[in-house]
Amino acid sequence: ELGQTLERMAQTLRDQLPASGRGERGWVPPGTHPDPRPPEEADVVVVGGGVVGWSVAYWLKLLEGRRRRHGMRVLVVERDPMYSRASTVLSAGGIRQQFSLRENIQMSRFSASFLRDINKYLGVPNEPPIDIQFQPSGYLFLASPQNAAALEATVQFQRDEGAQVTLLSPTQLKEKFPWINTEGVAVASYGLEDEGWFDPWTLLNAFRRKATSLGVQSCSGEVRGEGWGCTASSPRVPMTPDLSVPSQVHMPDSLEYQPVACAIVVNAAGAWAGKLLEAEGLPRGLCRPLLPIQPRKRYVFTWHCPNGPGLSCPFLVDTSGAYFRRDGFAGNYLGGMSPPEVSPWGPLRSFTPPFFIRHLQLILSQEEEPDPSDLSVDHDYFQEQVWPRLARRVPAFESLRVRGSWAGYYDYNTFDQNGVLGPHPRLENMFLAAGFSGHGLQHAPAAGRAVAELVIKGQYETLDLRRLGWDRLVDGEPLQEHSVV
């Protein structure tokens with residue numbers, strides 16, 4: 001009798017566990033998968049297993065409702081399961097409210113609230129609590145006399161949106177951060193709350209673990225376009241309105257493939273989101289306008305400076321475009337600089353169509369861009385471009401010692417440096433969540449929820465992000481974000 005009672009208790013526990021199995025395998029712990037082969041069918045295929053993709057998958061399962069918790073079949077496809085080239089884990093990990101576009105500020109505020117209560121959202125029963133190692137040291141933007149008025153206007157706009165940002169004169173700046181050389185600085189803006197940096201890998205893993213516990217499946221493979229949908233070639237996952245058209249999911253390092261059919265595809269492929277829609281097999285007419293997202297390589301350098309700014313160091317963005325932040329508590333720092341954007345303003349602006357200005361700007365700026373074909377690091381870039389700017393702003397950095405470096409990708413939207421969210425104008429069962437141009441990590445919680453709301457409810461409910469949709473690409477009307485680091 002005791003044995004029967006214990007068996008009933010065990011069965012009750014098994015029935016209540018998330019993602020409980022119905023076959024011989026039983027319950028699968030979060031983050032693992034019982035079979036490397038993808039399923040034959042899925043309701044939603046999320047292309048890209050970075051933090052944005054996993055956020056979409058998590059919110060899809062959460063918003064479908066507790067009664068239908070295991071109803072929606074969500075599959076996340078990631079071509080780099082070791083995340084060796086993933087933008088998420090190779091980023092500097094910053095979060096800030098200081099943007100110039102309303103939607104970006106709102107997404108940052110949502111994400112900050114989400115991260116503050118991360119264990120309420122992403123905690124898994126019987127698993128250790130999540131610690132993203134958030135460092136609330138704020139962002140500090142410095143402006144030259146030429147850009148002072150623009151920064152002051154932007155700060156007022158940020159305050160109107162609820163962000164806590166203060167302006168500092170050169171004297172106030174020197175008083176608060178005595179290690180700064182204020183030469184060439186007319187004004188600075190400093191975030192007072194919900195700004196700093198955190199560990200990107202911890203957030204990615206937390207989303208993945210929680211989504212898996214809710215029943216989301218995942219597999220490895222590279223997604224390509226074919227026919228009327230999307231297919232994956234290390235997986236090939238096409239998009240079909242009625243689950244009737246199979247696709248080929250090719251297994252990594254193998255000729256084997258698994259047919260998969262799905263109803264909706266979410267393109268969260270990051271830097272390669274544009275290439276997904278340029279693949280052979282997709283009708284050219286249906287893929288217009290082209291998705292203007294390209295991989296842009298960015299370097300991050302780490303260095304040691306025992307006499308540096310210390311614990312008071314914020315995430316500083318210099319007038320020159322160079323940035324740095326503290327990295328731990330032992331005199332270590334990390335930073336870098338994006339290549340300067342070449343802006344063909346002046347007399348050319350007055351008589352040249354805007355679309356040509358943007359095209360010319362793209363051509364000129366690409367001449368300054370490092371080759372994105374691999375993630376090799378140009379160490380001369382630090383010596384010749386970054387270090388002189390850092391040492392000019394922080395004299396203590398004249399004696400720094402470089403410790404290491406790495407490179408990662410921005411999913412760079414060449415049109416206006418903002419994310420593209422929402423349904424494709426011609427491929428009605430494809431949704432986009434990409435092109436964040438360096439702020440995808442911090443906006444992932446908000447972007448994931450927004451796309452999930454569109455898929456499940458057909459409209460935005462939490463944040464109105466309609467302006468970030470495809471219409472601006474079709475109409476040729478960019479939403480310019482002036483605070484891209």
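The values are calculated or read from the model by the stated rules, or taken from the named source; none is laboratory data. All figures in this text were calculated on a predicted structure; none of them were measured in a lab. Here the Cβ is made from the backbone with ideal geometry for all residues, glycine too, and neighbour counts use every protein chain on show. We work out accessible area using only protein heavy atoms, side chains counted, and drop any ligands, DNA or RNA first. Shrake-Rupley method; radii C 1.70, N 1.55, O 1.52, S 1.80 Å.
Would you check which residues across the stretch 389-440 are β-branched (Val, Ile, Thr) and either crowded, with 22+ Cβ neighbours inside 10 Å or not in a loop (DSSP other than H, G, I, E, B) (or both) and list them? Correct list: Val394, Val402, Val420. Entry remark, the stretch 50-74: residues being without any contact (Cβ under 8 Å) to a residue 24 or more places away in the chain and either crowded, with 22+ Cβ neighbours inside 10 Å or in a loop (DSSP other than H, G, I, E, B) (or both) number 2 in total.
If you go through the stretch 373-406 and keep only what is touching a strand residue (DSSP E or B) at 6+ places or on another chain (Cβ under 7 Å) and either within 13 Å of Gly335 (Cβ to Cβ) or in the same structural domain as Arg466 (by the TED database) (or both), you end up with Tyr381, Phe382, Gln385, Val386, Arg389, Leu390, Leu400, Val402, Arg403, Gly404, Ser405, Trp406. Evaluate the following for Phe382: is it among the aromatic types (Phe, Trp, Tyr), over 28 Å from Arg85 (Cα atoms), modelled with pLDDT of 50 or more and open to solvent by less than 70 Å² (accessible area, probe 1.4 Å)? Taking the combined requirement at face value, the residue does not satisfy it.
Out of the residues in the stretch 132-148 meeting the condition of being under 23 Å from the mean Cα position of the chain (by Cα) and open to solvent by 60 Å² or more (accessible area, probe 1.4 Å), tell me which one is farthest from Val485 (Cα to Cα). Quick ask: steps written out before the conclusion?
Taking the stretch 132-148 and keeping what is under 23 Å from the mean Cα position of the chain (by Cα), we get 132-141.
When the remaining residues are screened for being open to solvent by 60 Å² or more (accessible area, probe 1.4 Å), the result is 133-134, 136.
Details: Gln133: 22, Phe134: 20, Pro136: 18 Å.
Looking at residues that are under 23 Å from the mean Cα position of the chain (by Cα) and open to solvent by 60 Å² or more (accessible area, probe 1.4 Å), I get Gln133.
Scan the stretch 16-25 and give yes if some residue there is modelled with pLDDT under 60 and assigned to a helix (DSSP H, G or I), otherwise no. Yes, the conditions are met somewhere in the stretch 16-25.
Scan the stretch 93-131 for residues that are assigned to a loop (DSSP other than H, G, I, E, B), touching an Asp or Glu at 6+ places or on another chain (Cβ under 9 Å) and buried (at least 18 other Cβ atoms within 10 Å of the Cβ) and report the count.
Kept after step one, since they are assigned to a loop (DSSP other than H, G, I, E, B), are these residues of the stretch 93-131: 93, 96-101, 117, 123-131.
Then keep just the ones that are touching an Asp or Glu at 6+ places or on another chain (Cβ under 9 Å); that gives 93, 96-101, 131.
Narrowing further to those that are buried (at least 18 other Cβ atoms within 10 Å of the Cβ): 93, 96-101.
Qualifying residue count, the stretch 93-131: 7.
Conditions tested, residue by residue: (1) in contact (Cβ under 8 Å) with a residue 12 or more places away in the chain; (2) aliphatic (A, V, I, L, M).
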{"residue": "Asn429", "(1), (2)": "yes, no"}
{"residue": "Gly440", "(1), (2)": "yes, no"}
{"residue": "Ala444", "(1), (2)": "yes, yes"}
{"residue": "Tyr460", "(1), (2)": "no, no"}
{"residue": "Leu465", "(1), (2)": "yes, yes"}
{"residue": "Leu468", "(1), (2)": "yes, yes"}
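Can you tell me which residue within the stretch 443-462, out of those that are open to solvent by 10 Å² or more (accessible area, probe 1.4 Å) and in a helix (DSSP H, G or I), is nearest to Gly93 (Cα to Cα)? Among those residues, the one meeting the criterion is Arg449. Tell me, yes or no, whether the stretch 149-165 has at least one residue that is within 12 Å of Gln97 (Cα to Cα), open to solvent by less than 50 Å² (accessible area, probe 1.4 Å) and either assigned to a strand (DSSP E or B) or not assigned by the TED database to the domain that holds Phe315 (or both). Yes: one or more hits.
Right, Val77: surrounded by 18 or more Cβ atoms within 10 Å (Cβ to Cβ), in contact with a Ser or Thr (Cβ under 8 Å, 6 or more places away or on another chain) and in a strand (DSSP E or B) or not? Spell out how you get there, then give the answer.
Details: surrounded by 18 or more Cβ atoms within 10 Å (Cβ to Cβ): yes; in contact with a Ser or Thr (Cβ under 8 Å, 6 or more places away or on another chain): yes; in a strand (DSSP E or B): yes.
Judged against the criteria, Val77 is a match.
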